[in-house]
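Some notes on the structure that comes next.
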Amino acid sequence: MSASAQPSLRDEVGKAREMALGAIAGAADSMGLRKVAAELAHKQSALNAVRAQLGKIADASEKKLVGQALSEASGAIEQALAAREAELSAREFADQVARERMDLTEHLSAPQWGAAHIVTQATERLEDVFIGLGFQVAEGPEVETDFYNFEALNMPASHPARSEFDTMFIEPFSDDHEANTVLLRTHTSPVQIRVMQSWKPPIYAIMPGRVFRRDTPDATHMPVFHQIEGLVIDKGITFAHLAGIIEAFTKAFFGNDFTSRLRPSFFPFTEPSAEFDIRRANGSWIELGGCGMVHPNVLRAGGIDPEEYTGFAFGFGIDRMAKERHAVEDIREMYTNDLRFLRQFS
Ligand code: FA5
């Protein structure tokens, strides 16, 4: 510090240096620091103002001392800028990493295991049982044509049985189809035709899948549900084989205490036809599906000679079977996605 009344240029350098160091220390972030650095580099900055006067100092030794003070101040400022820059950018990087951090350990510390839905579990068990009985699994499309869903199954246009399937039609996706000929399949029976057309007898096939009807949901009905279709085509197949397979399946799937019965019924695609019921533990009966001997017209539509081969087919509701197996009161509960309900069966 100068003792004279007039502040010397060295004092000004000292003050400017302190101010600069203070501004550098006070910069809150890299952007603020860049602003400070730009102000210090400006030709009107306090230090540059002194530098501009250096040439006017007459006293050589004073000029030297001011020059020295200036270069020391510049060096100190440069160092302070670099140190603060390093400090701020390290802090900003750490902040960014913290902000963008993905906490993957959260999942590890509290695992939530999913499980197959009870309809999936039932389908897999059904497949196992039928594979054990010598069947193969086949699948068909959910979007079907009128031909496979009705016509090839002995239900020509205007057949009264069509109205029993409350069908959901969809807009034809190409000019090849007329209106009301493309639909969401109302049962898995169309897959029978597809299998007959692409496999050669003997055929022992099951065909599980999702089906659609304009049914109002209630305790035993859903508009989207699941069926499993069975088809056997071989030489000399009779109704007795059908009854035998149904009974073998009932015991394998539900247990030895269960038994099955067939009641006369009607389906256009089977003749004779039957409804298949199983007896619950309390002695009451529940209807699971339909079955019968494949109608000769259906064999022909599938490209099979009815003089040479006979066969049987069946179709059960999988959702109703899962409902029975797990004593679920209302089929709708299976589709509420309530985890408390679903976890009971995992
Ligand atoms: C049929 O769908 C025939 N295709 C079954 C068949 C196949 C008969 C082969 C002969 C030969 P049905 O409409 O009865 O038949 O349906 C079969 C089963 O699907 C019913 O017994 C029932 O278990 C189930 N089911 C029918 N509608 C619903 C629904 N809205 N919700 C849940 N399950 C249903």
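The values are calculated or read from the model by the stated rules, or taken from the named source; none is laboratory data. Keep in mind the model is a prediction, meaning the values are calculated, not measured. Cβ sites come from the backbone with ideal geometry, for glycine too, and all protein chains shown count toward neighbours.
Could you check the stretch 264-312 and list, in sequence order, the residues that are at positive phi, more than 40 Å from the chain's Cα centre (by Cα) and within 9 Å of the ligand (Cβ to nearest atom)?
none
Condition check: part of a helix (DSSP H, G or I) and either modelled with pLDDT under 95 or more than 10 Å from the ligand (Cβ to nearest atom) (or both). Does R162 satisfy that?
Yes.
Let me spell it out: the conditions are (1) more than 12 Å from the ligand (Cβ to nearest atom); (2) in a strand (DSSP E or B); (3) under 38 Å from the mean Cα position of the chain (by Cα), and R261 meets all of them except one. Which number is the exception?
All conditions are met except number (3).
Among the residues that make up the stretch 213-221, is at least one of them away from the ligand (no atom under 16 Å from the Cβ) and modelled with pLDDT under 95? Quick ask: steps written out before the conclusion?
Taking the stretch 213-221 first, the residues away from the ligand (no atom under 16 Å from the Cβ) are none.
Checked against the condition, which is being away from the ligand (no atom under 16 Å from the Cβ) and modelled with pLDDT under 95, the stretch 213-221 yields no hits at all.
Looking for something within 28 Å of the chain's Cα centre (by Cα), away from the ligand (no atom under 16 Å from the Cβ) and either surrounded by 14 or more Cβ atoms within 10 Å (Cβ to Cβ) or hydroxyl-bearing (S, T, Y) (or both) - is there at least one such residue anywhere in the stretch 326-341?
Scanning the stretch 326-341, I find at least one residue that is within 28 Å of the chain's Cα centre (by Cα), away from the ligand (no atom under 16 Å from the Cβ) and either surrounded by 14 or more Cβ atoms within 10 Å (Cβ to Cβ) or hydroxyl-bearing (S, T, Y) (or both), so the answer is yes.
Of all the helices (runs of 4 or more DSSP H) wholly in the stretch 32-144, which have at least 3 residues that are closer than 30 Å to G14 by Cβ and either free of Cβ contacts under 8 Å to residues at least 24 places away in the same chain or in the same structural domain as M19 (by TED's automatic domain parsing) (or both)?
So the answer is 46-53, 60-99.
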